[in-house]
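The values are calculated or read from the model by the stated rules, or taken from the named source; none is laboratory data. None of the values given here were measured: they were computed from a predicted structure. Note that each Cβ is placed from the backbone with ideal geometry, even for glycine, and that neighbours are counted across all protein chains shown.
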Amino acid sequence: MKAKPLPTAKPPVEDAGEMTPLVPTCVVGSFKGGVIKTSLAVALAERMAIAGLTVVLFACDGQEDARNRLGLKPTDPPVVKVSRGAGTIVIAGMPTAQATQFIYREGLAKLGHVDLVVVDTPPVRHGGSLPGVLLFATTDGDDATRNLCSMLRLTPQNTDIVLVRYHIPATRPDPDGWVEEVNAIEAAVGSRDRNLMYLPPIPRADPVKKALDAGQSVWELPRRGRTLEYLTGVETMATVAWKRIHPKTDLPAKPRKAPGYIPGWDEEEG
Ligand SMILES: Nc1ncnc2c1ncn2[C@@H]1O[C@H](COP(=O)(O)OP(=O)(O)OP(=O)(O)O)[C@@H](O)[C@H]1O
Ligand SMILES: [Mg+2]
């Protein structure tokens, strides 16, 4: 008698698609490197703390840069709490598996009350695959957008997506061009039934770069020119994130410390 192969019996696949975080969670992700994920994750966490929230920032990319941008030193402990405005940010570097354990299963009760989790992801496809979160998906043009599409095909239906376009001012996409890119992404990821939004393009700005390199908060910069465009983008991200926590109120305005922008005099160079 000839042996027959057994039909393979696969274990049932657990469906992560319906899971939701225990605390409202924002993820900044892209398949591509260097498309300002960490900068936006930190600036968003800061803005939410300035609005009075207690924020936990998980740096899942194995790099020190999120900590550097909050002004921390390598000698500071692995989990640190910093104050911003009326709120706080607890920053913790950890592998992605440990972060999901906290976000979906264990919760963060040992840190006391937490309003929001922000996750800075490494440049890989799975950055887009957490369920039930607000995903800020960043791109800086053609290659990154193609990669973004393959990342977003993994994104669970219960995750809301905000597309973020970074650009260097000399290659600024015209507004219609960006809308076309958004439509192409939407078509590529088959997003008919999902919540997909997009921000106006966010520019490179020299003062922002200087602040990031020096570990200074971008929210302390004079708000003018391209810096203002950059901060407007992050402010919009914060507004969307705020609505997930407090749907009935508006994001509290950031007190204005820096003097106003004087057109014709305050234009930035570079
Ligand atoms: N608006 C901006 N203007 C000028 N420079 C910026 C701006 N945002 C970020 N940068 C700089 O661009 C570089 C890439 O930014 P960032 O590290 O945030 O990207 P990333 O996507 O997290 O990179 P990685 O894939 O390596 O994690 C950094 O040197 C950062 O200082
Ligand atoms: Mg990064």
Any pair with Cβ under 7 angstrom, 6 or more apart, that starts in region 36-58 at a residue that is farther than 16 Å from Leu111 by Cα and within 16 Å of ligand 2 (Cβ to nearest atom) and ends at one that is assigned to a helix (DSSP H, G or I) and of a type in the set (Gly, Ala, Ser): Thr38/Ala66; Ala41/Ala66; Val42/Ala66; Leu44/Ala238; Leu44/Ala241
Residue selected from region 225-251 under the condition within 16 Å of Ala41 (Cβ to Cβ) and near ligand 1 (Cβ under 9 Å from one of its atoms), by the criterion surrounded by the most Cβ atoms within 10 Å (Cβ to Cβ): Tyr230
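Quick check on my filter: what residues within region 40-65 are within 12 Å of ligand 1 (Cβ to nearest atom) and either touching a Phe, Trp or Tyr at 6+ places or on another chain (Cβ under 9 Å) or aromatic (Phe, Trp, Tyr) (or both)?
Restricting attention to region 40-65, the residues satisfying the condition of being within 12 Å of ligand 1 (Cβ to nearest atom) are 40-44, 59-65.
Within region 40-65, Leu40, Ala41, Ala43, Leu44 qualify.
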Single residue of region 108-128 satisfying the filter (without any contact (Cβ under 8 Å) to a residue 60 or more places away in the chain and not basic (Lys, Arg)) that is nearest to Val79 (Cα to Cα): Leu111
Yes/no for Glu14 being among the acidic types (Asp, Glu), under 29 Å from Pro201 (Cα atoms) and either modelled with pLDDT of 95 or more or outside any helix (DSSP H, G or I) (or both): no
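Output the residue which, of all residues in region 213-224 that are surrounded by 19 or more Cβ atoms within 10 Å (Cβ to Cβ) and farther than 14 Å from Ala45 by Cα, is farthest from ligand 2 (Cβ to nearest atom). Lay out the reasoning, then the answer.
Residues of region 213-224 surrounded by 19 or more Cβ atoms within 10 Å (Cβ to Cβ): 217-219, 223-224.
Those left that are additionally farther than 14 Å from Ala45 by Cα: 223-224.
Numbers: Arg223: 24, Arg224: 27 Å.
It comes out as Arg224.
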Test result for Pro169, away from ligand 2 (no atom under 16 Å from the Cβ), under 15 Å from Ile36 (Cβ atoms), modelled with pLDDT under 90 and surrounded by fewer than 19 Cβ atoms within 10 Å (Cβ to Cβ): yes
